[in-house]
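So the structure is just underneath, and the comments pick up after that.
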Amino acid sequence: TYFNINPSCTVLASALIARTRRMKVGVIGHVLPLRHPIQTAEEFAQLDILSGGRFIGGIVRGVPQEYVSFNVDPFTSRERFAETLEILKRAWTEDSFSYDGRFYSFRNVHLVPKPYQKPYPELRMAVNSPDTFPAVGTLGLPIFAAVRIGTLSELGPNIAAYRAAWKAAGHPGQGG
């Protein structure tokens, strides 16, 4: 069984927000596909409000061991991630919404509270596998780059692939 050393990034972020006044507080490792999207939307919005807009939501797809621990098929991680991210954005930006996906279905959801930052809190995704860099660039999400898989010399080409995908998708700037 696989256990995370930080089982609740939002609890840790809450403690940090309560103890700081000016610095941004972000989390890394909120495994988006293994958390309920409405609960994540509510928690991130609440942290954003409590911090006065200093919250950064660090999201990840997770590793296969985490999925196995929760009895979830790890081969569904990409689709689960995309579905959850879409639900989050809609929950934060629409007064009410309905959603019918493969993993979640909702009718007339009205998320309260809405985040402090508009349209929603800054999101950053931790990436480490070569195929994830361009996928996240296409989404237009800033990244936390890691070298958990591969070597430091492979990081340069992965960043280049991320930036190329960012540009090809029409996002402004180079990505972050």
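Picking from 76, 156, 55, whose Cα lies most toward the positive end of the charge dipole for the chain (charges on Cβ: Lys, Arg +1; Asp, Glu -1)?
55
Return the carbon/sulfur percentage of the accessible area of the chain, one whole number, probe 1.4 Å, all protein chains in place. Don't skip to the answer; put the middle values down first.
Numbers: 5400 of 9570 Å².
Answer for the chain: carbon and sulfur cover 56 percent of the accessible area.
I want to make sure I understand the PRE zone here: with the label point 7 angstrom from the Cα of residue 12 toward its beta carbon, which residues in region 45-62 have backbone N atoms less than 15 Å away?
56-62
Over region 2-112, average the accessible area per residue using a 1.4 Å probe and give it in Å², no decimals.
Working: 5960 Å² over 111 residues.
Per-residue value: 54 Å².
Could you tell me the accessible area of residue 69 in Å² (1.4 Å probe, neighbours in place), rounded to the nearest ten?
Using a 1.4 Å probe on the heavy atoms, I get roughly 50 Å².
Below 20 Å, Cα to Cα, which lysines can residue 24 reach? Residues fewer than 8 away in the same chain don't count.
Qualifying lysines at Cα under 20 Å: 114, 118.
Taking the Cα atoms of region 67-156, report the difference between the largest and smallest coordinate on each principal axis, in whole Å and largest first.
47, 33, 22
Full extension from residue 112 to residue 160: what is 0.36 nm times the residue separation minus their Cα-Cα distance, to one decimal in nm? Each step should come with its number before you reach the end.
Details: separation 48, 0.36 × 48 = 17.28 nm, distance 3.89 nm.
So the extension gain works out to 13.4 nm.
May I ask you to compute the full-extension gain from residue 89 to residue 24, defined as 0.36 nm times their residue separation minus their alpha-carbon distance, rounded to one decimal in nm? Write down the numbers at each step before the final one.
Numbers: separation 65, 0.36 × 65 = 23.40 nm, distance 2.07 nm.
Full-extension gain reported as 21.3 nm.
Under a Cβ-Cβ cut-off of 13 Å, what is the net charge of the residues other than residue 116 that fall near it, where Lys and Arg count +1 and Asp and Glu count -1?
On the way: positive: 24, 54, 114, 118; negative: 48, 122.
So the surrounding residues net to +2.
Suppose a student asked you for the relative contact order of region 1-120, using Cα pairs under 8 Å spaced at least 6 residues apart; what percent would you report? Kindly include the intermediate steps, with their values, before the conclusion.
On the way: 168 pairs, mean separation 33.2, N = 120.
28 percent.
To the nearest 0.05, what FRET efficiency results for residue 153 and residue 79 with a Förster distance of 45 Å applied to their C-beta separation?
Details: r = 31 Å, r/R0 = 0.70.
Result of the calculation: an efficiency of 0.90.
Return the single residue from 57, 26, 156 with maximal mean-square fluctuation; model: Gaussian network over the chain, springs between Cα atoms under 10 Å.
156
May I ask you to derive the relative contact order of region 59-176, considering only C-alpha pairs under 8 Å and at least 6 residues apart, and to give it as an integer percent?
It comes to 19 percent, rounded to a whole number.
Go through [x] 120; [y] 128; [z] 146 and flag the label whose value is the computed volume of the Cα convex hull per residue in Å³ for this structure.
Calculated volume of the Cα convex hull per residue in Å³: the matching label is [y].
With θ set to phi - 60°, apply the Karplus curve 6.51 cos²θ - 1.76 cosθ + 1.60 along region 168-173 and write out the HN-Hα couplings as whole Hz, x wherever there is a Gly or Pro.
4, 7, x, 6, x, x
In whole Å, what are the extents of region 77-120 along the principal axes defined by its C-alpha atoms, from largest to smallest?
Principal-axis extents of region 77-120 (Cα, largest first): 29, 21, 11 Å.
Indicate, rounded to the nearest 5 percent, the antiparallel portion of the DSSP beta bridges found entirely in the chain. Intermediate values should be presented prior to the final figure.
Details: 3 of 14 bridges.
Rounded to the nearest five, the antiparallel share is 20 percent.
Can you find, among 116, 138, 126, the residue sitting farthest towards the positive end of the charge dipole of the chain, where Lys and Arg contribute +1 and Asp and Glu -1 at Cβ?
116
Search the structure for amide H atoms under 5 Å from the amide H of residue 26, placed 1.01 Å from N in the peptide plane, and list their residues when 5 or more places away or on another chain.
Those qualifying (amide H under 5 Å, at least 5 residues apart or on another chain) are 56.
The values are calculated or read from the model by the stated rules, or taken from the named source; none is laboratory data. All figures in this text were calculated on a predicted structure; none of them were measured in a lab. Heads up, the Cβs are rebuilt from the backbone with ideal geometry, glycines too, and the neighbour counts pull from every protein chain shown. Heads up: the accessible areas ignore ligands, DNA and RNA and are worked out on the full protein's heavy atoms, side chains in. Shrake-Rupley method; radii C 1.70, N 1.55, O 1.52, S 1.80 Å.
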